[in-house]
Amino acid sequence: MVTIKTNSTHTHSWVLFMYSILLFVLVSIASPVFADDDEKKDESSSSLKIKKAEYDREKHRLTVKIKVKGLKRYTARLFDDSTQQLLKKRSSKDDSLKFKISGIRGAEVPCKVKVQVKSLSATRKVKHAPSNCGGGIVTPPPPPPPTTTNQPPTCSITEPAATPVSIQLGDSVIFQGTANDPENGPLSYEWEFNGGADIRPTVPNPGAVVFDVKSGTFLVHFFVTDDKGARC
């Protein structure tokens, strides 16, 4: 009888121990659910009020004060109600919060503001807003790219390679030139033979040019002009 009694006692103790573990697990799992329900209950019982929305025309500053009943810590977003542009975002330390936006003028000042806290929202007209309010804060355009100074083209006579060139009246000389524009713009060409030949070619490589006008010494020029008028 003693042996049977001992086994029965251990069996009841083991069952009681397992029941305690199961109860602890159920309580641990259920607790977050209850916490979520309490949080939702707190938010559903909260209310948002904009206590002040005023523009200071002398200091060019917008001030908005809000109070959220039922919430101690929250994040609030301030919008221009007409453009839905986000003006500022702040987190609170208690149920009250103040927004200050300085340096805004004219159309940058909202005619009416909207505040959102979680699922709560409220709107209010801005006191002393200018007559042209509500255009939104204008982002200035980017500065224009810096202007670059146009550089003249480079040019040279590549044929004939040697100078001076001695010929008889009526003979020809082959001329070729090369040019480059630093900005890769279009170029125009002109040859000047100073009276030795009665032509003015407008190509970089005019080829054979006959000197049959008169005898003498003639200085040949090769001119190249870019689209901005710069010349070499």
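The values are calculated or read from the model by the stated rules, or taken from the named source; none is laboratory data. Everything quoted here is computed from the prediction, not taken from an experiment. Cβ coordinates were reconstructed from backbone atoms using ideal geometry, including for glycine residues, and neighbour counts include every protein chain displayed.
Of the residues ILE104, ILE157, the single one that is closer than 30 Å to PHE211 by Cα and among the β-branched types (Val, Ile, Thr) is ILE157. For segment 138-188, filtered to residues that are within 54 Å of the chain's Cα centre (by Cα) and of a type in the set (A, V, I, L, M), the residue that is surrounded by the most Cβ atoms within 10 Å (Cβ to Cβ) is ALA179.
The requirement of being modelled with pLDDT under 95, closer than 16 Å to ALA107 by Cβ and not in a strand (DSSP E or B) is fulfilled somewhere in segment 68-82, by at least one residue. Might you check whether a residue that is without any contact (Cβ under 8 Å) to a residue 60 or more places away in the chain, farther than 30 Å from LEU97 by Cα and touching a strand residue (DSSP E or B) at 6+ places or on another chain (Cβ under 9 Å) occurs anywhere in segment 140-155? No: segment 140-155 contains no residue that is without any contact (Cβ under 8 Å) to a residue 60 or more places away in the chain, farther than 30 Å from LEU97 by Cα and touching a strand residue (DSSP E or B) at 6+ places or on another chain (Cβ under 9 Å). Screening LYS65 on (1) charged (D, E, K, R); (2) closer than 16 Å to LYS125 by Cβ; (3) out of contact with any Phe, Trp or Tyr (no Cβ under 9 Å at 6 or more places or on another chain); (4) surrounded by 14 or more Cβ atoms within 10 Å (Cβ to Cβ) shows it passes everything except condition (3).
All conditions in (1) farther than 20 Å from LYS89 by Cα; (2) of a type outside the set (Ser, Thr, Tyr); (3) touching a helix residue (DSSP H, G or I) at 6+ places or on another chain (Cβ under 8 Å) hold for PRO160, with the sole exception of (3). Taking the conditions (1) at pLDDT 90 or above; (2) more than 30 Å from CYS133 (Cα to Cα); (3) among the basic types (Lys, Arg) in turn, LYS41 satisfies each one other than (1). Of all residues in segment 198-210, those being within 11 Å of ILE174 (Cα to Cα) and surrounded by 10 or more Cβ atoms within 10 Å (Cβ to Cβ) number 5.
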